[in-house]
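Worksheet for the structure shown next.
The values are calculated or read from the model by the stated rules, or taken from the named source; none is laboratory data. Since this is a predicted model, take the numbers as computed values, not measurements. Remember, those area values only see protein heavy atoms, side chains included, never the ligands or the DNA or RNA. Shrake-Rupley method; radii C 1.70, N 1.55, O 1.52, S 1.80 Å.
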Amino acid sequence: MANSSMPIERLQALDNVEKEIASCIQSAGQALTELSKDKASMKQVESHTSLFLKTLNHVEGELSKHIHYLTQVSTGSPHEGTSYGSVKMYKTARHRIEHTRTRLQDLENLKNRALASSVRPTSAQNNP
């Protein structure tokens, strides 16, 4: 039962974060409204700005917690129906095969050059 309520709690926490974002925007709007007045009350502006910054810091902290949780949950567990991991492994294997073929061809060329250079002096010695 605790596991089934956990997603609901997370969604409720995100709903609260959304409400705090609205509150944050409202505080910023009130500060700007106060600043647009001919005789702005700096005390009111500072109060709204302080509330805006406090709420913004709290929202940032809460969102960071949720992002951290999601990265922990999603790491290492492929999404159902996705083939990304398989495709990536396939492409990596193909790349390794191509690299191995290239290296083997380089080794074959080196071997052939070494054989050709060792055969020439012998044949040159037999021909004079």
Seminar exercise, completed: SASA check, Thr92, accessible area w/ 1.4 Å probe, all protein chains in place, rounded to nearest 10 Å², comes out at 60
Problem set entry | Nearby lysines by direct alpha-carbon distance to Lys37 (threshold 26 angstrom, same-chain neighbours under 8 apart not counted) | Lys54
Problem set entry | Spatially proximal aspartates and glutamates relative to Lys19 (Cα-Cα < 18 Å; intrachain offsets below 8 disregarded) | Glu9, Glu60, Glu62
Exercise. Can you give the accessible area of Leu70, probe radius 1.4 Å, in Å² rounded to 10?
Worked result: 110
Seminar exercise, completed: The ³J(HN,Hα) series, computed from each phi in segment 55-65 with the Karplus coefficients 6.51, -1.76 and 1.60 at θ = phi - 60°, rounded to the nearest Hz and given as x for glycine or proline, is 5, 4, 5, 5, 4, 4, x, 5, 5, 4, 4
Exercise. Mind listing the phi-derived Karplus ³J(HN,Hα) values for segment 103-110, rounded to whole Hz, using 6.51, -1.76 and 1.60 with θ = phi - 60°, and x for any glycine or proline?
Worked result: 5, 5, 5, 4, 5, 4, 5, 4
Seminar exercise, completed: For Tyr90, the accessible surface traced by a 1.4 Å probe with all protein chains present amounts, in square angstrom to the nearest 10, to 140
